[in-house]
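The values are calculated or read from the model by the stated rules, or taken from the named source; none is laboratory data. In this text, all values refer to a predicted model and were calculated from it rather than measured experimentally. Here the Cβ positions follow ideal geometry from the backbone for every residue, glycine too, while neighbour counts run over all protein chains shown.
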Ligand SMILES: NC(=O)c1ccc[n+]([C@@H]2O[C@H](COP(=O)([O-])OP(=O)(O)OC[C@H]3O[C@@H](n4cnc5c(N)ncnc54)[C@H](OP(=O)(O)O)[C@@H]3O)[C@@H](O)[C@H]2O)c1
């Protein structure tokens, strides 16, 4: 049975990615920082006869990531897929000139540094054919100028994209594909009520990258299963 670790999977796009991967026959390691919400989310999938285990993990805390690895590595021998989905948007409409140092650092810790720490920590469980998917945002695109709607959030996703490219280059010789994807504007707590997309549509490209996409596809930024600019 293939295994997938999905972070920030207690709700929203992460929970939907976990559900879709379970439906495709994966054993999903559903990671979440809130023990009550995380174990309830995993139980919901187990009640549907899926194979799902809850893993407590705060992606902003390297000790928590290491403890999650310790727990996971006693139960499973290999990991096929890592989906770095957990994310925060702590700023909103303010100008970058008003962004505080602590808000920027907290956002970078969760959305970018945590992603790298998770890959560094869990890599020993991955083999040739592994797939790493980073849930980014078009807010992180810089090819045609920067988005300014939430500056710290957008900078963190640009950083996540840079980490994606670094990892893709580094892991190419090991046959591990690393890509970033944008889910679109999705109806979740983060997306808000005005969002046009369902969580199922938002999860689709990540699930495709985890399962059906060519293994040779790596070091790309995708939306709706198609490459977009960085
Ligand atoms: N919704 C959109 O329109 C949209 C657009 C582009 C990109 N995205 C990206 O899609 C991903 C999922 O977002 P979403 O819309 O599903 O948001 P959401 O409903 O707010 O869910 C975010 C998830 O991340 C978790 N999380 C936050 N900080 C964490 C931490 N330190 N450790 C572990 N888990 C943490 C949350 O857990 P708690 O419940 O404990 O906070 C929650 O499970 C994010 O990376 C986001 O940037 C979303």
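If I filter the stretch 165-176 for residues that are closer than 23 Å to residue 20 by Cβ and within 15 Å of the ligand (Cβ to nearest atom), do I get at least one hit? No, because not a single residue in the stretch 165-176 is closer than 23 Å to residue 20 by Cβ and within 15 Å of the ligand (Cβ to nearest atom).
If you filter the stretch 1-44 down to residues that are assigned to a helix (DSSP H, G or I) and under 14 Å from the mean Cα position of the chain (by Cα), you find that the one that is farthest from the ligand (Cβ to nearest atom) is 21. With respect to (1) over 21 Å from residue 20 (Cβ atoms); (2) away from the ligand (no atom under 11 Å from the Cβ); (3) in a helix (DSSP H, G or I), the lone exception for residue 216 is condition (3). Please work out which residue is surrounded by the fewest Cβ atoms within 10 Å (Cβ to Cβ), limiting yourself to the stretch 43-54 and to residues that are in contact with a strand residue (DSSP E or B) (Cβ under 6 Å, 6 or more places away or on another chain) and in contact (Cβ under 8 Å) with a residue 24 or more places away in the chain. Going through the qualifying residues, I end up with 51. Picking from residues in the stretch 186-196 that are in contact with a strand residue (DSSP E or B) (Cβ under 7 Å, 6 or more places away or on another chain) and farther than 27 Å from residue 214 by Cβ, the one that is farthest from the ligand (Cβ to nearest atom) is 187. I'd like to check something: does the stretch 144-157 contain any residue that is over 27 Å from residue 80 (Cα atoms) and more than 16 Å from the ligand (Cβ to nearest atom)? Yes: the stretch 144-157 contains one or more residues that are over 27 Å from residue 80 (Cα atoms) and more than 16 Å from the ligand (Cβ to nearest atom). Quick check: anything in the stretch 69-80 outside any helix (DSSP H, G or I), near the ligand (Cβ under 9 Å from one of its atoms), modelled with pLDDT of 95 or more and under 23 Å from residue 180 (Cα atoms)? No, there is no match, as no residue in the stretch 69-80 is outside any helix (DSSP H, G or I), near the ligand (Cβ under 9 Å from one of its atoms), modelled with pLDDT of 95 or more and under 23 Å from residue 180 (Cα atoms). Restricting 156, 137 to those that are surrounded by 23 or more Cβ atoms within 10 Å (Cβ to Cβ), closer than 12 Å to residue 230 by Cα and under 16 Å from the mean Cα position of the chain (by Cα) reduces the list to 137.
Quick one: would you say residue 65 is closer than 17 Å to residue 111 by Cα, within 10 Å of the ligand (Cβ to nearest atom), assigned to a helix (DSSP H, G or I) and in contact with a helix residue (DSSP H, G or I) (Cβ under 7 Å, 6 or more places away or on another chain)? Taking the combined requirement at face value, the residue satisfies it.
Mind listing just one residue for me: the one in the stretch 172-190 that is in contact (Cβ under 8 Å) with a residue 40 or more places away in the chain and part of a helix (DSSP H, G or I) and, of those, surrounded by the most Cβ atoms within 10 Å (Cβ to Cβ)? If we take residues in the stretch 172-190 being in contact (Cβ under 8 Å) with a residue 40 or more places away in the chain and part of a helix (DSSP H, G or I), then 172 is surrounded by the most Cβ atoms within 10 Å (Cβ to Cβ).
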